[in-house]
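A short write-up of the structure that comes next.
The values are calculated or read from the model by the stated rules, or taken from the named source; none is laboratory data. Because the structure is predicted, anything quoted here is derived from the model rather than measured. Positions of Cβ are generated from backbone atoms using ideal geometry, with glycine treated the same way; all protein chains shown enter the neighbour counts. Just the protein is used for accessible areas: all its heavy atoms, side chains included, with ligands, DNA and RNA removed. Shrake-Rupley method; radii C 1.70, N 1.55, O 1.52, S 1.80 Å.
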Amino acid sequence: DVKVTQSSRYLVKRTGEKVFLECVQDMDHENMFWYRQDPGLGLRLIYFSYDVKMKEKGDIPEGYSVSREKKERFSLILESASTNQTSMYLCASSVPLNQPQHFGDGTRLSIL
Amino acid sequence: AQKVTQAQTEISVVEKEDVTLDCVYETRDTTYYLFWYKQPPSGELVFLIRRNSFDEQNEISGRYSWNFQKSTSSFNFTITASQVVDSAVYFCALSDADSNYQLIWGAGTKLIIKP
């Protein structure tokens, strides 16, 4: 079974802090994704990566950056956290893009 | 543009009833893929099924079944003899060349199964 592990289930940070969300997958998948999920807005893609050091913006990249230095790890960075970034963050990975994405357990991030 | 519509925001049924979750999609591509995911209260998204546009056979997996109809652009999901553990938010998603095979998500249907 594919295992996607997100570093924290719950995280509380302060406005202005630099926040790192980590995601690791164990199936050698090329593609990795970061989404945020908000009530009434569904899942929105922040960034995805199709290879090491490669990244593409999703629908809502503003205020975020990503890093993929190793194939198994994809990090989401909030450069200067703001309260409107309080959300559920979901990481996923897949082989070809038309194959299922496999998700981690999610990180509920609160910015105070 | 591609779109996935899950018109039912919330459905509530009593345990053991059958329930159908609707999914209607829009795409210009002839090759595309449809997915269903389940999100229980714990939060993780669980993959249920993937169907490509050339395979219109209905699929059954235990109490779950899926009805894919290209004529009506629908990919509906039925749970037979529902159980409390089926309570979750269910998402339908579409992937096609126009979206560069990124997932286009429906808004989700919250399913509540009452004991």
Report task. Just give me the residues in the range B:67-93 being within 14 Å of chain A (Cβ to nearest Cβ) and out of contact with any Gly (no Cβ under 8 Å at 6 or more places or on another chain), in sequence order. Result -> B:88
Query raised in the report: Out of all the residues in the range A:59-79, is one or more touching a residue at least 24 places away in the same chain (Cβ under 8 Å), open to solvent by less than 30 Å² (accessible area, probe 1.4 Å) and of a type in the set (Ser, Thr, Tyr)?
Result: yes
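Only one residue in B:66, B:36 is outside any loop (DSSP other than H, G, I, E, B), of a type in the set (Phe, Trp, Tyr) and out of contact with any Leu (no Cβ under 8 Å at 6 or more places or on another chain), so which one is that?
Residue meeting the stated conditions: B:66.
Looking only at the range A:3-36, filter to residues that are among the acidic types (Asp, Glu) and at negative phi; which one of those is farthest from the chain's Cα centre (by Cα)? If you could, list the steps in order and put the result at the bottom.
Step one: of the range A:3-36, the residues among the acidic types (Asp, Glu) are A:17, A:22, A:26, A:28, A:30.
Now narrow it down to the ones that are at negative phi: A:17, A:22, A:26, A:30.
Numbers: A:17: 17, A:22: 7, A:26: 16, A:30: 15 Å.
Among them, the one singled out is A:17.
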Query raised in the report: If the Cβ limit is 6 Å and pairs must be 6+ apart or interchain, which residue in the range B:103-115 that is over 14 Å from residue B:36 (Cβ atoms) pairs with which residue that is acidic (Asp, Glu) and open to solvent by less than 20 Å² (accessible area, probe 1.4 Å)?
Result: B:113/B:86
Report task. For the range A:88-95, state whether one or more residues are away from chain B (no Cβ under 14 Å), under 30 Å from residue B:32 (Cα atoms) and not in a loop (DSSP other than H, G, I, E, B). Result -> no
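Among the strands (runs of 3 or more DSSP E) lying completely within the range A:1-57, list those that include at least 2 residues that are hydrophobic (A, V, I, L, M, F, W, C) and in contact with a strand residue (DSSP E or B) (Cβ under 8 Å, 6 or more places away or on another chain).
Details: elements: A:4-6, A:10-13, A:19-25, A:31-38, A:42-51, A:54-57.
Hits in the range A:1-57: A:10-13, A:19-25, A:31-38, A:42-51.
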Requested in this report: Please specify each residue of the range A:10-47 satisfying the condition of being farther than 23 Å from residue B:103 by Cβ, charged (D, E, K, R) and open to solvent by 80 Å² or more (accessible area, probe 1.4 Å).
Outcome: A:14, A:18
**Report entry** Pick from the range B:98-113, criterion open to solvent by 50 Å² or more (accessible area, probe 1.4 Å) and not in a strand (DSSP E or B), ranking: farthest from residue A:45 (Cα to Cα)
**Finding:** B:98
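Hey, any hits in the range B:68-79 for a residue that's more than 16 Å from residue B:4 (Cβ to Cβ), open to solvent by 60 Å² or more (accessible area, probe 1.4 Å) and at pLDDT below 95? I'd like the intermediate steps shown before the answer.
At the first step, the residues of the range B:68-79 found to be more than 16 Å from residue B:4 (Cβ to Cβ) are B:71, B:78-79.
Remaining after also requiring open to solvent by 60 Å² or more (accessible area, probe 1.4 Å): B:71.
If we keep only those that are at pLDDT below 95 too, we end up with B:71.
Yes, some residue in the range B:68-79 is more than 16 Å from residue B:4 (Cβ to Cβ), open to solvent by 60 Å² or more (accessible area, probe 1.4 Å) and at pLDDT below 95.
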**Report entry** Residue list for the range B:44-57, filter: part of a loop (DSSP other than H, G, I, E, B), under 15 Å from the mean Cα position of the chain (by Cα) and facing chain A (nearest Cβ under 8 Å)
**Finding:** B:45
Query raised in the report: Of all residues in the range B:14-43, how many are surrounded by fewer than 16 Cβ atoms within 10 Å (Cβ to Cβ) and either over 16 Å from the mean Cα position of the chain (by Cα) or without any contact (Cβ under 8 Å) to a residue 12 or more places away in the chain (or both)?
Result: 10
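Could you please give the count of residues in the range B:22-33 that are in contact with a Leu (Cβ under 9 Å, 6 or more places away or on another chain) and outside any loop (DSSP other than H, G, I, E, B)?
Taking the range B:22-33 and keeping what is in contact with a Leu (Cβ under 9 Å, 6 or more places away or on another chain), we get B:23, B:25-27, B:32-33.
Filter again for outside any loop (DSSP other than H, G, I, E, B), leaving B:25-26, B:32-33.
Residues meeting the conditions: 4.
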Report task. All but one of (1) within 14 Å of another protein chain (Cβ to nearest Cβ); (2) touching a Lys or Arg at 6+ places or on another chain (Cβ under 8 Å); (3) in contact (Cβ under 8 Å) with a residue 12 or more places away in the chain; (4) open to solvent by 20 Å² or more (accessible area, probe 1.4 Å) hold for residue A:99, so report the exception by its number. Result -> (3)
